[in-house]
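Down below is the structure, laid out as structure tokens.
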């Protein structure tokens, strides 16, 4: 077998594998391992009369500087876009079982949840404007499905 045909075979295998992964990802939208409603108890706005369909769950810790910085951005987001998204904060030190259940391996971790489906997942610090853009783009790419 020549080097060129070996390369072509390896390339074809990689293309097929990538296509398979893409198809699998589209058909296997991650869902929450536990009811998203169980996390609402950690939200300051859990008793609000009208909850938006989107929830932004932030996993963090008090000792984490980027987590603390993100908290001020989330407070601003809550003030400006409470009609669009409900912000839920989970301290991984106080609730390690939730961190484990949601496979949190880096903080701050943001999960954007629509219904009971995770439609967005980010790790790191983001500004108010970056968060707003990410939420809008992610929600637009994942329209609510009627049942």
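Computed from the coordinates by the stated procedures, all read-outs in this text should not be read as laboratory data. Because the structure is a prediction, the values reported are computed rather than measured. Glycine gets a Cβ as well: all are built from the backbone with ideal geometry, and neighbour counts include every protein chain shown.
Taking 0.36 nm per residue of separation and subtracting the Cα-Cα distance, what length does fully extending residue 80 through residue 95 add? Don't skip to the end; give the middle numbers.
On the way: separation 15, 0.36 × 15 = 5.40 nm, distance 2.79 nm.
Difference between extended and current length: 2.6 nm.
Fewest Cβ neighbours within 10 Å first, please rank 81, 95 accordingly.
So the ranking, lowest neighbour count to highest, is 95, 81.
When 82, 72 are ordered from fewest to most other Cβ atoms inside 10 Å of their Cβ, what list results? All intermediate terms of the calculation are to be shown ahead of the outcome.
Values: 82 15, 72 10.
Neighbour counts put them in this order, fewest first: 72, 82.
Going by how many other beta carbons lie within 10 Å of each one, how would you line up 63, 134, fewest first? Please report the intermediate quantities before stating the final value.
Values: 63 9, 134 16.
In order of increasing Cβ crowding within 10 Å: 63, 134.
Whole angstrom only: what separates the Cα centroid of the stretch 116-132 from the Cα centroid of the stretch 79-99?
12 Å
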